[in-house]
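Accompanying notes for the structure given below.
Each reported figure results from applying straightforward, stated rules to the coordinates on display, with no laboratory input. Note that the structure is predicted; figures quoted are calculated from it, not measured. Positions of Cβ are generated from backbone atoms using ideal geometry, with glycine treated the same way; all protein chains shown enter the neighbour counts.
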Amino acid sequence: MARAVLPYPVVPGKTEADIRSIADRFRADPEAYRRYRGEAGVTLERVYWQHTQMGDFVVAYVESTASFAETSAAIARDDSELGRFFVEKVREVHGFDLTQPPQGPEPEIVADWSDPTATRRGRGLAFCAPPLPDQVERARAWGRDTFSSPDMTRTRRDLRQNIEMVMLHQTPQGPITAIYLEGEDPVAANREFAASQDPFNVAFKDMLRQLYPPFIDFSQPVPGITEIFDSQAVLARA
């Protein structure tokens, strides 16, 4: 199974209706959505709208039976009515032409934790934030070591989480990380993490303070996130 967390900036001036248009179209025809994304290998898709100081973003979490590159290519070349609509709307709302070869390196998962004892899926939450460019290598090493530690499992179970994943994207505007959390209530978990005085969480937040610019403060809950699509709910109707 391949997984990806994908941040899409919203073109300035786009309305809420523009931002929600893809999700609304998918919900309007769940059977067409099932065929369209199923042929690309997508098994789970969750999408969030985030307000940031950099502008609005749509952040998608996707699981697929194919690789990230294979899934992206299949979505881009789909010639169904829904496939053409998706490509056109991504170009209009986010400024990306999915039919063109991607520029720059492929996104990479730089930190990944999941609870092997989890027996069911939880609710999701995704957001993005730009790391300091000169801290990217340090972030890679820290994420690799920290997310594999026993304290990571202990503290995330205390937060009732079962997944925490960070994906790095290299963009013309600089690096950006996209983060996905899943658990019983990830919004509450994020709030509890921000307030936590557990030594591991305190050290975790101290490191984030060094990896990200000052206007990003993980000692406060991440603001401005709205879920706009969850394929589990849509496919239950298909």
What angle, in degrees between 0 and 90 and rounded to the nearest 10, separates the Cα long axis of helix 199-211 from the longest principal axis of the Cα atoms of the chain? 60 degrees
From DSSP H assignment alone, runs of 4+ in the chain each adding -39500 (n - 2.57), the sum over residues rounded to the nearest 500 puts [θ] at 222 nm at -12000 deg cm²/dmol
What is the gain in length, in nm to one decimal, between F215 and Q170 on full extension, counting 0.36 nm per residue of separation less the C-alpha to C-alpha distance? 14.2 nm
Against the longest principal axis of the chain, how steep is helix 81-94, in degrees 0 to 90 to the nearest 10, with axes from Cα atoms? 50 degrees
Pull out a ≥ b ≥ c, the square roots of the eigenvalues of the alpha-carbon gyration tensor of the stretch 33-108, then state rounded if a/c is under 1.5, prolate if not and a/b is larger than b/c, and oblate in the remaining case. rounded
For an R0 of 22 angstrom, estimate the FRET efficiency from the Cβ-Cβ distance between D97 and E16 and round to the nearest 0.05. 0.40
With Cα springs under 10 Å, the Gaussian network model of the chain assigns the largest mean-square fluctuation among T171, T153, T226 to T171
Computed over the chain: longest principal axis from alpha-carbon atoms vs helix 68-77 long axis, angle to nearest 10 degrees, is 20 degrees
Dipole size in debye (nearest 20) for the stretch 108-211 around its Cα centre, Lys and Arg Cβ +1, Asp and Glu Cβ -1? 160 debye
Mind jotting down the distance between the C-alpha centroids of the stretch 87-159 and the stretch 46-80, whole Å? 13 Å
